[in-house]
Amino acid sequence: MKYLLLLAILVVAYKAWRGARLREAAQAAAPRSPARRALPQDMVCCPVCSLHLPRGEALPGASGRLYCGPDHRLAGGN
C-alpha cells in the first residue's frame with residue numbers, strides 16, 4: 001500500500017515539474033514585442049435596426065446604403 005502511495009506522489013510531482021517546464025518553454029517562445037493594436041475603422045449604422053458596425057463588415061445595398069446583414073438588406077428595399 002505504501003508503494004502505491006509513493007508511486008502516486010511521484011507521478012503527481014513529475015506532472016507538476018513537466019507542466020512548469022512546458023509553461024516556461026511557451027513563455028520563452030512568445031514574442032517579446034509589444035502587441036500591435038488594430039487601427040480604428042469607420043463605423044456605419046444599419047438603416048433598418050440602427051446597429052453600428054465596422055464599414056468592412058457591412059453589406060452594401062443597391063442604393064449605396066450599408067446594412068448589417070442580408071435580411072436587413074432585403075427589408076431595406078434592395
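Taken together, the values in this text are just the output of simple stated rules run on the coordinates, not laboratory data. Just so you know, these numbers come straight off a predicted model, no measurement behind them. Quick reminder, even Gly has a Cβ in these numbers, built from the backbone with ideal geometry, and neighbours come from all protein chains shown.
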Which of the peptides 5-12, 58-65 is most tightly packed, and how do the rest follow, going by the mean number of other Cβ atoms within 10 Å of each residue? 58-65, 5-12
Mind giving me the nanometre distance, one decimal, between the label points for Val11 and Cys45, set 7 Å out from Cα along Cα→Cβ? 6.3 nm
Quick query: amide H of Val44 versus all other amide H atoms, modeled in the peptide plane; which residues come in under 5 Å with a sequence gap of 5 or more or a different chain? Leu53, Arg55
Starting with the fewest neighbours, write out Asp42, Asp71 ranked by other beta-carbon atoms found within 10 Å of each beta-carbon. Asp42, Asp71
Given only helices, namely DSSP H runs of n ≥ 4 each adding -39500 (n - 2.57), what is the per-residue ellipticity at 222 nm of the chain, to the nearest 500 deg cm²/dmol? -14500 deg cm²/dmol
Using θ = phi - 60° and Karplus 6.51 cos²θ - 1.76 cosθ + 1.60, couplings along region 55-61 (whole Hz; Gly, Pro as x): 4, x, 9, 7, 9, x, x
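With Cβ to Cβ distances under 13 Å as the rule, what net charge do the other residues near Trp17 carry (K, R +1; D, E -1)? Intermediate values should be presented prior to the final figure.
Details: positive: Lys15, Arg18, Arg21, Arg23; negative: Glu24.
Summing Lys/Arg as +1 and Asp/Glu as -1 gives +3.
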Relative to the longest principal axis of the C-alpha atoms of the chain, give the angle of the C-alpha long axis of helix 2-29, reported between 0 and 90° and rounded to the nearest 10°. 40 degrees
Placed amide H near Tyr67: partners under 5 Å, 5+ positions off or other chain: Leu59, Gly61
